[in-house]
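> Here's a structure for you.
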Amino acid sequence: MTPHTSSADAVVIVGGGFGGLFSSLAVHRQLPDCPVVLIEPRKQFLFQPLLYELLSNELQEWEVAPRYSQLVSNKGICWLRDRVIGIDRLTHTLQTLSGDRIPWGQLVIATGSKPNDFGIPGVREHGSGFCNLSDVRYLRQLVQGFHRRRHPNAALAIVGAGSTGVELSCKLADLLEGKARIHLIEMGDSILPNSSAFNRERANAALERKDVIIHLNTSVTRVEANRVVLREDDAIAHQGLVWTAGNQPDFPCLQPPPSIIRGRLAVDGDLRLQGSTDIFAIGDTAITIDHPVPATAQVAMQQGEAVGEAIATLRIGEKPPMFQFNDRGEMLSLGIGDATLTGLGITMAGPLAFQLRRAAYLTRMPALSVGVRSAAAWLINR
Ligand SMILES: Cc1cc2nc3c(=O)[nH]c(=O)nc-3n(C[C@H](O)[C@H](O)[C@H](O)COP(=O)(O)OP(=O)(O)OC[C@H]3O[C@@H](n4cnc5c(N)ncnc54)[C@H](O)[C@@H]3O)c2cc1C
């Protein structure tokens, strides 16, 4: 069935996260008369960098997870609440889970990534992730449980000391108020391997202040209901485990199969899928061969903006410009009322950095809530 919502002329965007939402707004801005279809199964956009503030109630759900009906539907962008299960590059159509076959003029794949447990037994059964609203609800219950039931050796394990593991440890330590110890387990020899030395130093100091126990050079071999088993046949008892140790790209089946590098869709410098003239892939799911960029919201949003311009250029018969990432630095939340940031010529930590991070909550995108606009202003300005 071909719904009247799409035509062979439409720009169709698959996935409404950072890359997809910003592409759809940018395409609509550049080409106001062109039909734009955004296909996304969730009913709410999720601003993941603010999930910690949602967990601590410093921000509310409507600020961190506004509904697509408010974000795009009233802007002339057609939002289809569906999941794409297959993309046929030869017939220029895609297949959705609900059975629709949808044609496109240009296609943008922005389906993001999903947690990677690296096949370690028990992670899925006994651990939670920290990337969506149900994870936040689960962790809120866990924190409440620790407050209700006093347990002499209460402990929470967080696996992975990248930014998510570190930020979450800080926030949970504040919320737990000493009712449970937090073990932060990392297989590498330092926390935050990709961060600036300043942010790493400030984060180490915050974790120490909050009594978070850091286990470096420590690999997890198995997760059980109440203990996490380490390489040396050592184990840590826990009453809750959060897995933040890695992500893997997530995209629907494409035919003919595309070129894949490190599990991600290989794109050229102008963000078009290798060997394709009218399919773009952006965000966590894509990799540029010559100039690899990190899998972050900052990159996905800038790529989304760039795709708007690229498609407008293609439609007047010209070659799209090359994408250039403008690194705006990094802001890390270090618990309630605390943050560290480096970027835009600023290096700062403590309550003032927290205020600045909040102050970055000033406008850039009129379509979004104040909270989203704010952080987006920091991430996207070019
Ligand atoms: C807790 C947390 C904190 C973070 N903090 C930061 C930060 O401070 N700074 C930063 O730059 N980055 C941060 N990140 C990383 C950032 O969120 C990701 O890099 C970013 O979301 C990637 O954008 P994306 O558009 O590629 O994917 P996403 O934003 O994940 O969006 C993908 C979308 O595609 C949809 N989708 C998936 N499959 C299909 C399908 N088959 N059909 C249709 N739709 C589909 C999904 O439902 C989802 O809405 C954080 C991540 C997490 C989890």
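> Please determine whether any residue of the stretch 85-99 is surrounded by 16 or more Cβ atoms within 10 Å (Cβ to Cβ), of a type outside the set (Lys, Arg) and assigned to a helix (DSSP H, G or I). Before the answer, list the steps.
Initially, the stretch 85-99 is screened for residues surrounded by 16 or more Cβ atoms within 10 Å (Cβ to Cβ), giving 87, 89, 92-96.
Still in the running and of a type outside the set (Lys, Arg): 87, 92-96.
Okay, now just the ones that are also assigned to a helix (DSSP H, G or I), so none.
No, the stretch 85-99 contains no residue that is surrounded by 16 or more Cβ atoms within 10 Å (Cβ to Cβ), of a type outside the set (Lys, Arg) and assigned to a helix (DSSP H, G or I).
> Here's a follow-up. Could you please tell me which pairs satisfy a Cβ distance under 6 Å, a separation of 6+ or placement on different chains, a first residue in the stretch 201-213 that is under 14 Å from residue 174 (Cα atoms), and a second residue that is among the polar types (S, T, N, Q)?
212/169
> I would also like to ask the following. Specify the residue that is nearest to residue 179 (Cα to Cα); the eligible residues are those in the stretch 228-258 that are loosely packed, with under 13 Cβ neighbours inside 10 Å and of a type outside the set (A, V, I, L, M, F, W, C).
Filtering the stretch 228-258 for residues loosely packed, with under 13 Cβ neighbours inside 10 Å gives 231-234, 253, 255-257.
After this cut, where a residue has to be of a type outside the set (A, V, I, L, M, F, W, C) as well, the list is 231-234, 255-257.
Values: 231: 28, 232: 28, 233: 27, 234: 24, 255: 52, 256: 54, 257: 51 Å.
If we take residues in the stretch 228-258 being loosely packed, with under 13 Cβ neighbours inside 10 Å and of a type outside the set (A, V, I, L, M, F, W, C), then 234 is nearest to residue 179 (Cα to Cα).
> At pLDDT 90 or above, farther than 19 Å from residue 20 by Cα and small (Gly, Ala, Ser): is that true of residue 245 in this structure? It would help to see each step written out before you state the result.
Numbers: at pLDDT 90 or above: yes; farther than 19 Å from residue 20 by Cα: yes; small (Gly, Ala, Ser): yes.
Considered against the rule, which asks whether it is at pLDDT 90 or above, farther than 19 Å from residue 20 by Cα and small (Gly, Ala, Ser), residue 245 comes out as yes.
> Would you mind telling me which numbered condition in (1) over 24 Å from residue 165 (Cβ atoms); (2) crowded, with 19+ Cβ neighbours inside 10 Å; (3) within 15 Å of the ligand (Cβ to nearest atom) residue 52 fails?
Every listed condition holds for residue 52 apart from (1).
> Hey, another quick one. Determine which member of the set 57, 116, 74 is without any contact (Cβ under 8 Å) to a residue 12 or more places away in the chain, within 29 Å of residue 139 (Cβ to Cβ) and not hydroxyl-bearing (Ser, Thr, Tyr).
Values: 116 fails: without any contact (Cβ under 8 Å) to a residue 12 or more places away in the chain; 74 fails: within 29 Å of residue 139 (Cβ to Cβ).
Exactly one of 57, 116, 74 is without any contact (Cβ under 8 Å) to a residue 12 or more places away in the chain, within 29 Å of residue 139 (Cβ to Cβ) and not hydroxyl-bearing (Ser, Thr, Tyr), namely 57.
> Among the residues that make up the stretch 243-262, is at least one of them under 21 Å from the mean Cα position of the chain (by Cα), among the basic types (Lys, Arg) and under 24 Å from residue 85 (Cβ atoms)?
Yes, there is a match, as at least one residue in the stretch 243-262 is under 21 Å from the mean Cα position of the chain (by Cα), among the basic types (Lys, Arg) and under 24 Å from residue 85 (Cβ atoms).
> Which one of these is closer than 22 Å to residue 284 by Cα and either more than 12 Å from the ligand (Cβ to nearest atom) or in contact with an Asp or Glu (Cβ under 6 Å, 6 or more places away or on another chain) (or both): 64, 11? Break it down into steps so the answer makes sense when it comes.
Working: 64 fails: either more than 12 Å from the ligand (Cβ to nearest atom) or in contact with an Asp or Glu (Cβ under 6 Å, 6 or more places away or on another chain) (or both).
None of the other options fit; the residue is 11.
> (1) assigned to a strand (DSSP E or B); (2) over 30 Å from residue 351 (Cα atoms): which one isn't true of residue 242, the others all being true?
(2)
> Further, regarding this structure: Search the stretch 272-290 for residues being within 16 Å of the ligand (Cβ to nearest atom) and within 22 Å of residue 8 (Cα to Cα), and hand back the single one that is surrounded by the most Cβ atoms within 10 Å (Cβ to Cβ).
Residues of the stretch 272-290 that are within 16 Å of the ligand (Cβ to nearest atom), as a first pass: 273, 279-288.
Adding the requirement that they be within 22 Å of residue 8 (Cα to Cα) leaves 273, 279-282.
On the way: 273: 22, 279: 24, 280: 31, 281: 30, 282: 33.
Restricting to residues being within 16 Å of the ligand (Cβ to nearest atom) and within 22 Å of residue 8 (Cα to Cα), the top hit is 282.
> Follow-up question, since we're still on this one. Being more than 15 Å from the ligand (Cβ to nearest atom) and within 23 Å of the chain's Cα centre (by Cα) is the filter here; which residues of the stretch 70-116 pass it? First the steps, then the outcome.
Here is the first cut: in the stretch 70-116, the ones more than 15 Å from the ligand (Cβ to nearest atom) are 70, 73-76, 89-92, 103, 105-106.
Correct list: 70, 73.
> Same structure again: What are the residues in the stretch 268-309 that are more than 21 Å from residue 16 (Cβ to Cβ) and of a type in the set (Asp, Glu), if any?
268, 270, 290
> Go through (1) under 17 Å from residue 278 (Cβ atoms); (2) among the polar types (S, T, N, Q); (3) surrounded by fewer than 17 Cβ atoms within 10 Å (Cβ to Cβ) for residue 24 and report which single condition fails.
Status for residue 24: all satisfied but (3).
> Select from the stretch 150-174 the residues that are touching a Leu at 6+ places or on another chain (Cβ under 7 Å), buried (at least 21 other Cβ atoms within 10 Å of the Cβ) and of a type outside the set (A, V, I, L, M, F, W, C) and list them in ascending order.
Listed by number, the residues that qualify are 163, 165, 167, 169, 171.
> Go through (1) free of Cβ contacts under 8 Å to residues at least 40 places away in the same chain; (2) surrounded by fewer than 19 Cβ atoms within 10 Å (Cβ to Cβ); (3) farther than 26 Å from residue 66 by Cβ; (4) of a type outside the set (A, V, I, L, M) for residue 138 and report which single condition fails.
Every listed condition holds for residue 138 apart from (3).
> Does residue 365 fit the bill of being modelled with pLDDT of 90 or more and either assigned to a helix (DSSP H, G or I) or more than 13 Å from the ligand (Cβ to nearest atom) (or both)? Quick ask: steps written out before the conclusion?
On the way: modelled with pLDDT of 90 or more: no; either assigned to a helix (DSSP H, G or I) or more than 13 Å from the ligand (Cβ to nearest atom) (or both): yes.
For residue 365, the condition - modelled with pLDDT of 90 or more and either assigned to a helix (DSSP H, G or I) or more than 13 Å from the ligand (Cβ to nearest atom) (or both) - is not met.
> Do you know which residues across the stretch 149-190 are among the basic types (Lys, Arg) and within 16 Å of the ligand (Cβ to nearest atom)?
Going residue by residue through the stretch 149-190, those that are among the basic types (Lys, Arg) are 149-150, 171, 179, 181.
Selection gives 171 alone.
> Looking only at the stretch 15-47, which residues are of a type in the set (A, V, I, L, M, F, W, C), within 9 Å of the ligand (Cβ to nearest atom), out of contact with any Cys (no Cβ under 9 Å at 6 or more places or on another chain) and part of a loop (DSSP other than H, G, I, E, B)?
45, 47
> So which residues in the stretch 259-271 are surrounded by fewer than 19 Cβ atoms within 10 Å (Cβ to Cβ) and assigned to a strand (DSSP E or B), if there are any at all? If you could, list the steps in order and put the result at the bottom.
Here is the first cut: in the stretch 259-271, the residues surrounded by fewer than 19 Cβ atoms within 10 Å (Cβ to Cβ) are 259-263, 266, 268-270.
Matches in the stretch 259-271: 260, 261, 266.
The values are calculated or read from the model by the stated rules, or taken from the named source; none is laboratory data. Note that this is a predicted model, so its numbers are computed, not measured. Glycine gets a Cβ as well: all are built from the backbone with ideal geometry, and neighbour counts include every protein chain shown.
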